[in-house]
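The values are calculated or read from the model by the stated rules, or taken from the named source; none is laboratory data. Please read all numbers here as calculations on a predicted model, not as lab measurements. Counting neighbours? That spans all protein chains shown, and the Cβs are built from the backbone with ideal geometry, glycine included. SASA here: full protein model, heavy atoms, side chains in, ligands and nucleic acids out. Shrake-Rupley method; radii C 1.70, N 1.55, O 1.52, S 1.80 Å.
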Amino acid sequence: MTVEELGRALSLETVVAGDGGREVTGGYCGDLLSWVMGRAPAGCVWLTVMGNVNAIAVASLADTAGIILVEDAVLDADAKARAEQQEIAVYGTSLPAFETALKIASLLG
């Protein structure tokens, strides 16, 4: 399933379309950037509340398929511009990370 298909299936808000054709291999939850950078598997969607430019850098370095901002977290203007430049897909939801992760797990089976 692509990150764009996942976004549609979960009725996520598209914040930055990015490379919606990336295949999603799983999910990763975390807000400590150094931890995510070293542990998030390539191709995962990263669930976080971090909506700043550093999160975009970590998503790029970790080669994630995209970011899902949970609990109505907001992507700031600098981060949005950087995500658009780097074609990193960013979606949003009001759900907590746990509930979002469960839904992703059920879709990816």
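When the residues of the range 51-60 are filtered to those that are of a type outside the set (Ser, Thr, Tyr) and assigned to a helix (DSSP H, G or I), which remaining residue is most open to solvent (accessible area, probe 1.4 Å)? That would be Asn54.
Do the conditions hold for Asp19, that is, is it open to solvent by 60 Å² or more (accessible area, probe 1.4 Å) and closer than 22 Å to Leu107 by Cα? Taking the combined requirement at face value, the residue satisfies it.
Taking the listed residues Thr14, Thr48, Thr25, the one that is in contact (Cβ under 8 Å) with a residue 12 or more places away in the chain, out of contact with any helix residue (DSSP H, G or I) (no Cβ under 7 Å at 6 or more places or on another chain) and surrounded by 14 or more Cβ atoms within 10 Å (Cβ to Cβ) is Thr25, with no other qualifying.
A count restricted to the range 65-92 and to residues that are of a type in the set (Gly, Ala, Ser), under 18 Å from Val24 (Cβ atoms) and either surrounded by fewer than 22 Cβ atoms within 10 Å (Cβ to Cβ) or out of contact with any Phe, Trp or Tyr (no Cβ under 7 Å at 6 or more places or on another chain) (or both) stands at 4.
If you go through the range 61-109, how many residues are assigned to a strand (DSSP E or B) and not hydroxyl-bearing (Ser, Thr, Tyr)?
The total comes to 6.
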